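Comments concern the structure below.
The values are calculated or read from the model by the stated rules, or taken from the named source; none is laboratory data. None of the values given here were measured: they were computed from a predicted structure. In this analysis, Cβ positions are derived from the backbone assuming ideal geometry, glycine residues included, and neighbour counts consider all displayed protein chains. Accessible surface areas use protein heavy atoms only, side chains included; no ligands, DNA or RNA. Shrake-Rupley method; radii C 1.70, N 1.55, O 1.52, S 1.80 Å.
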Amino acid sequence: MTVAVVVPLTVASAGQIRDVGAALVPGALRHGDAKGPSATQAGSPGLLGLGLATAARCGPRLSSPRGIEAQTCVLTRGADTWARTYYRNATGTSLDAGLSLMGPGGRTTRTRCDTGTDDEPATCETPREHSRGGPDAYTAVAEFAERGPEGALLLRSGSNSADTDAG
């Protein structure tokens with residue numbers, strides 16, 4: 001009985017990143033790299049640049065035929081929660097992009113993301129806010145669109161997992 005309690009406490013106190021879904025790591029996406037990081041890499045402490053004791057709940061890595069790739073996560077460290085999207089813009093043009101963190105009680109934080117045209121992996125994140133519930137109470141969504149009021153939506157990426165098939 002003591003081992004059942006001590007082992008989870010040891011792992012929790014070690015400060016490892018708890019990651020749901022493999023994360024898209026800046027620098028891991030290169031031209032022609034369709035796989036991204038392996039599950040082993042994604043679970044390595046500190047690999048995401050999050051630091052120790054940060055929980056990440058990430059949706060799937062998505063890509064559009066027009067050249068934008070993204071993965072969006074809800075991050076929690078201590079009493080703070082925020083959203084981060086990892087993306088790569090291979091469209092050749094700057095895009096209108098935004099990241100929203102939706103939380104309990106209808107609270108939403110929205111941030112504009114500056115996308116460059118350099119085809120390099122990048123990130124965008126919302127300001128951190130005091131958590132009002134567990135990480136599952138939050139959802140993050142990133143949207144990438146062509147510039148201008150009539151710009152077509154190119155990609156929407158969320159922190160929810162689309163993988164409902166466990167087998």
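Just in segment 93-147: which GluC sites (Glu not before Pro) are loop by DSSP and have at most 16 other Cβ atoms within 10 Å?
Listed in order of number, the matching sites are E146.
Specify the inter-centroid distance of segment 67-92 and segment 108-160, based on alpha-carbon positions, in whole Å.
Their Cα centres are 6 Å away from one another.
Looking at segment 77-162, which chymotrypsin sites (Phe, Trp or Tyr not before Pro) are in a loop (DSSP not H, G, I, E or B) and have at most 14 other Cβ atoms within 10 Å?
none
Just the accessible area per residue of segment 61-167, please: how many Å² with a 1.4 Å probe?
51
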